[in-house]
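Peer 1: My structure is below; once you've seen it, I'll send some questions.
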Amino acid sequence: MIIARNRRFGLLWCSTLLSNLGNWLMIVAVPVYAYTMTGSTMSSGLAFVAQTLPAVAFAPLAGVLVDRWDRRFVMVGADLLRMVIVLALLLVNEPGMLWLLYAAMFAESAVGHFFQPAARAVVPTIVGRGRDLEAANAWNTVAGGIVRLAGAPVGGALYAIVGFDGLVLIDSATYLVSAVLIFGMGRLRADERDHEQKAVSSWLVTFRGQVRDGLAFLLGHRVLRAALVVSCLFLLANAALNVLLVPYVTSVLGGDAGDVGVLMAALGAGFLASAYAGNVLSRSGRLRASVTGCLLAIAGCFAGLFLVPHFAAAVVFIALAGVPGGSLLMLAQVQVQRQTPDGQLGRVSSAFSAAEMAATVAGGAIGSVAGQQLPLTLTVWLVIVVLAVSAVVAARLLPSRVMTEVTIAGQRESVAGEAVTWPEKAAG
């Protein structure tokens with residue numbers, strides 16, 4: 001197992017698991033605490049906005065700094081800042097203090113979006129860009145599955161046992177332990193960083209140039225550009241259906257919040273299983289067939305979830321949807337890490353994530369409006385059509401095969417038996 005034989009990756013994996021688990025513990029606690037205090041659904045909705053908006057607002061800045069600074073320093077600093085920020089929630093004890101809750105959620109999420117691209121960019125540095133890269137991302141998918149499977153239910157149970165303040169202390173402690181683990185990785189080598197840009201006098205000019213540089217690489221790279229389009233279409237449709245899940249469970253299936261929690265846990269189980277499936281698909285090198293197949297499978301599972309009105313069927317279909325869904329996200333992540341030079345990986349990864357989050361927010365908004373104005377079944381069919389379109393886009397734009405083994409020699413790669421060169425960087 002790579003988490004055992006590669007000490008640095010093992011520490012990184014444990015750190016990421018802990019900090020993400022802390023976040024998911026609060027996913028239930030924060031909206032419940034806000035709603036209990038005010039009795040307003042708007043208050044819990046604002047908490048969601050405060051946690052998601054920073055992904056779009058801070059990703060470009062985070063990507064530039066991750067490529068300019070020591071990535072271990074960025075991760076440790078982000079964890080320590082989040083540890084302190086979360087403690088501010090202890091002061092929120094009346095409706096008049098909810099502004100502090102929203103501010104803390106916003107700040108925690110904003111700082112977290114510096115940790116994430118740094119962690120993703122470090123992976124190829126410590127495991128290489130060969131077959132271990134699939135193994136590392138498979139283990140990261142396992143961590144995501146564990147968090148999705150256990151985070152929300154455990155958070156709800158702990159909220160009932162230790163209360164909101166107790167959960168805040170637990171969340172803060174996860175960041176502290178995560179920082180200690182990252183620090184224990186030791187210094188990381190800098191592969192292909194572009195240090196010469198640090199001498200530029202105007203930081204703003206440098207920042208704009210580096211953001212443009214990362215975007216130019218992402219949009220100019222055939223594989224990454226196509227993967228971005230497909231991933232955004234999937235996440236837009238996924239977010240729209242997530243918005244529809246609660247009204248579907250309550251109004252059609254006659255369930256309650258507990259039933260929604262069961263479905264989310266089932267999705268986490270499917271996501272956990274996707275670690276193996278995604279690993280196999282990524283190592284095959286058949287990117288077009290793998291992504292197209294995943295999208296069609298997701299469309300079929302979502303159709304079964306919403307069009308077969310039985311709770312047991314819903315549990316099965318949403319669990320099954322997690323397998324191709326997690327595999328698809330892993331396939332995209334591996335390509336970002338493998339196709340991007342180290343010196344640009346932070347910027348490219350952040351730009352990719354920002355676009356994905358923007359698609360997620362747009363999908364949630366579209367799902368909310370469509371679900372309010374259109375019949376539920378019609379809305380579901382429209383979203384399934386979007387998934388089908390994304391499968392067609394994948395079949396048209398993605399290459400049939402991509403690299404599965406990489407030997408870096410300058411900037412030349414081995415891809416499906418033939419040598420290719422990374423696109424030239426855009427002028428900054």
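The values are calculated or read from the model by the stated rules, or taken from the named source; none is laboratory data. In this text the structure is predicted, and so the values were computed from the model without any measurement. As a convention, Cβ positions derive from the backbone with ideal geometry for all residues, glycine included, and neighbour counts pool all protein chains shown. Ligands, DNA and RNA are stripped out before the accessible areas are found, and what is left, the full protein with its side chains, is counted by its heavy atoms. Shrake-Rupley method; radii C 1.70, N 1.55, O 1.52, S 1.80 Å.
Peer 1: For the range 318-347, give me each residue that is modelled with pLDDT under 85 and either closer than 26 Å to LEU244 by Cα or buried (at least 24 other Cβ atoms within 10 Å of the Cβ) (or both).
Peer 2: Residues satisfying the conditions are GLN344, LEU345, GLY346, ARG347.
Peer 1: May I pose another question? Looking only at the range 14-27, filter to residues that are modelled with pLDDT under 80 and open to solvent by less than 40 Å² (accessible area, probe 1.4 Å); which one of those is farthest from MET185 (Cα to Cα)?
Peer 2: MET26
Peer 1: Separate question: SER353: closer than 19 Å to ARG222 by Cα, surrounded by fewer than 24 Cβ atoms within 10 Å (Cβ to Cβ) and either modelled with pLDDT under 85 or of a type in the set (Phe, Trp, Tyr) (or both), yes or no?
Peer 2: Details: closer than 19 Å to ARG222 by Cα: yes; surrounded by fewer than 24 Cβ atoms within 10 Å (Cβ to Cβ): yes; either modelled with pLDDT under 85 or of a type in the set (Phe, Trp, Tyr) (or both): yes.
Yes.
Peer 1: What are the residues in the range 387-403 that are surrounded by fewer than 20 Cβ atoms within 10 Å (Cβ to Cβ) and not basic (Lys, Arg), if any? So that I can check it myself, show each step before the final result.
Peer 2: Going residue by residue through the range 387-403, those that are surrounded by fewer than 20 Cβ atoms within 10 Å (Cβ to Cβ) are 388-389, 392-393, 395-397, 399-401.
Answer for the range 387-403, where residues must be surrounded by fewer than 20 Cβ atoms within 10 Å (Cβ to Cβ) and not basic (Lys, Arg): ALA388, VAL389, VAL392, VAL393, ALA395, LEU397, PRO399, SER400.
Peer 1: From the list ALA107, ALA88, which residue is open to solvent by 10 Å² or more (accessible area, probe 1.4 Å) and at pLDDT 90 or above?
Peer 2: Selected residue: ALA88, the only one of ALA107, ALA88 that is open to solvent by 10 Å² or more (accessible area, probe 1.4 Å) and at pLDDT 90 or above.
Peer 1: Moving on. Spot the failing condition for ASP194; the list is (1) open to solvent by less than 50 Å² (accessible area, probe 1.4 Å); (2) of a type outside the set (Gly, Ala, Ser); (3) within 28 Å of VAL147 (Cβ to Cβ); (4) modelled with pLDDT under 90, and only one is missed.
Peer 2: Going through (1) open to solvent by less than 50 Å² (accessible area, probe 1.4 Å); (2) of a type outside the set (Gly, Ala, Ser); (3) within 28 Å of VAL147 (Cβ to Cβ); (4) modelled with pLDDT under 90 one by one, ASP194 breaks only (3).
Peer 1: Open to solvent by 20 Å² or more (accessible area, probe 1.4 Å) and on the phi > 0 side of the Ramachandran plot, is that true of GLY128?
Peer 2: Criteria met by GLY128.
Peer 1: Please work out if VAL180 is modelled with pLDDT of 80 or more and either of a type in the set (A, V, I, L, M, F, W, C) or open to solvent by 20 Å² or more (accessible area, probe 1.4 Å) (or both).
Peer 2: Here the answer is yes, as VAL180 does meet what is asked.
Peer 1: Here is a further query. Which one of the conditions (1) assigned to a helix (DSSP H, G or I); (2) modelled with pLDDT under 85 does VAL230 fail to meet, given that it meets all the rest?
Peer 2: Going through (1) assigned to a helix (DSSP H, G or I); (2) modelled with pLDDT under 85 one by one, VAL230 breaks only (2).
Peer 1: Pairs please, first residue from the range 293-312 and over 11 Å from ALA388 (Cβ atoms) and at pLDDT 95 or above, second anywhere and not in a helix (DSSP H, G or I) and not basic (Lys, Arg), Cβ atoms under 6 Å, 6+ apart in sequence or on different chains.
Peer 2: As it stands, the answer is none, since no pair meets every condition given.
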